[in-house]
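See structure below.
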Amino acid sequence: MNDSTAVTYILLEGHIELEKYRYVYFIISFTVYLLIVCCNAGVIFIVLTDKKLHEPMYIFITALLLNSLFGTTVIYPKLLSDLLSERPGISYEGCLIQAFCIYTVALTEFTLLSAMAYDRYVSICKPLQYPTLMNMSTVRKLLFICWFVPFCEIGILVILTYRLKLCRFKLERIYCSNYAIVKLSCGDTTVNNLYGIFITVIAVIPPVIFIIFSYVRILSVCLKNSKEFRRKALQTCFPHLIALIIIFSVISCFEVINNRLEKSVPHIASMMMSMAILVILPLFNPVIYGLKLQEIKKRIKTLFLGKKRISFRL
């Protein structure tokens, strides 16, 4: 590899004993990827084909699953290719694009969860105003904001990174992250660090506070109503709360520990956290929403039971 290509090519050396377990990694990763695609696409198909589910709450769930599918597609095909490659690597521009997509997907999860919390808050706390406050025009505007704001925030972050000159070209990772790329540079990264902290604060803390506030208000309303009302209300809110806990604890803590304290974290522990991000989160949303929300659960049962009856008749 000569200097002209080294400047624009980054080696991904995060794999553990790749030569020994190459095909095992590939089979497991390919299976997980298919499972993620099938689970997410299955719930999306159910929501899109059932007119009874064409409501704001289910539209936001569909958006959340589409976001997961996009994030998965950004990572897995490249990962599968690297597992069969003699020396896994990616161009500098490609690495920046992958980091941009991953970070945008992560922040969009928070904005979508905030929109879902607002939908549940209006539905439970202001039921008479729900048709007016959560009409399709409002839903479209919220979805636009949920994707556009993270796109702009991370876009600026990646542009700041692109201006840096790299002096190292090896990442101890299996996919690209912005801060890991920044650490490869030999210039002044003060602006990148300050903006990264700024984005973390404004993109994570306000949505989390808003979600917590919304569900505190929902809980207070539930406690004043009947047991059946509490059961139905909490049944629709529970998946959102679990998603918040998973996303906040896994993604946020992972980025802080693995990026900021990378040298202090054993490499095998770092890779295990990376795989948790790749496996747990994309599978979590379709499973939790498919099993906990009764309308989707009923549709899944009808779909599979219907197929079994047809097969029996044949």
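The distance between label points at T189 and L223 comes to 4.6 nm (points 7 Å beyond Cα on the Cα→Cβ vector). Here the gap between C125 and K301, fully extended at 0.36 nm per residue and compared with their Cα-Cα distance, gives a gain of 60.3 nm. Measuring spread by the Cα atoms of region 2-161 yields a radius of gyration and Dmax of 19.9, 68 Å.
Over region 153-192, the Kirkwood radius and the radius of gyration, each from Cα atoms, give a ratio Rg/Rh of 0.94.
Global size of region 116-171: 19.5, 61 Å for Rg and Dmax (C-alpha atoms, Rg to one decimal, Dmax whole). With both labels modelled 7 Å from their Cα along Cα-to-Cβ, the L84 to F148 distance reads 4.1 nm.
Determine, for each peptide in 83-89, 101-107, 35-41, the mean count of other beta carbons within 10 angstrom over its residues, then list the peptides with the highest first. It would help to have the intermediate numbers written out before the result.
Details: 83-89: 14.3, 101-107: 22.3, 35-41: 17.6.
Descending mean neighbour count gives 101-107, 35-41, 83-89.
Looking at region 34-101, the pairs of alpha carbons with a distance over 18 Å make up 51% of the total. Largest first and in whole Å, the equivalent-ellipsoid semi-axes of region 178-223 read 38, 9, 4, each the square root of five times a Cα gyration tensor eigenvalue.
Given R₀ = 22 Å, FRET efficiency for I212-K141 by Cβ-Cβ distance, to 0.05? Walk me through the numbers before you get to the answer.
Values: r = 23 Å, r/R0 = 1.06.
Result of the calculation: an efficiency of 0.40.
Estimated from the Cβ-Cβ distance and a Förster radius of 45 angstrom, the FRET efficiency linking Y21 and H54 is about 0.50.
Phi angles of region 92-100 translate, via the Karplus equation with coefficients 6.51, -1.76, 1.60 and θ = phi - 60°, into HN-Hα couplings of 4, 5, x, 5, 5, 5, 5, 4, 4 Hz per residue; Gly and Pro are given as x.
Applying the Karplus relation 6.51 cos²θ - 1.76 cosθ + 1.60 with θ = phi - 60° to region 18-29 yields 3J(HN,Hα) values of 4, 4, 7, 10, 3, 6, 5, 4, 5, 5, 5, 5 Hz, where x marks Gly and Pro.
Bear in mind these aren't lab numbers, they're just calculated from the coordinates by the rules spelled out. This structure is a prediction, so every number in the text was calculated from the model and none was measured. Reconstructed Cβ throughout: ideal geometry from the backbone, glycine too, with neighbour counts over all protein chains shown.
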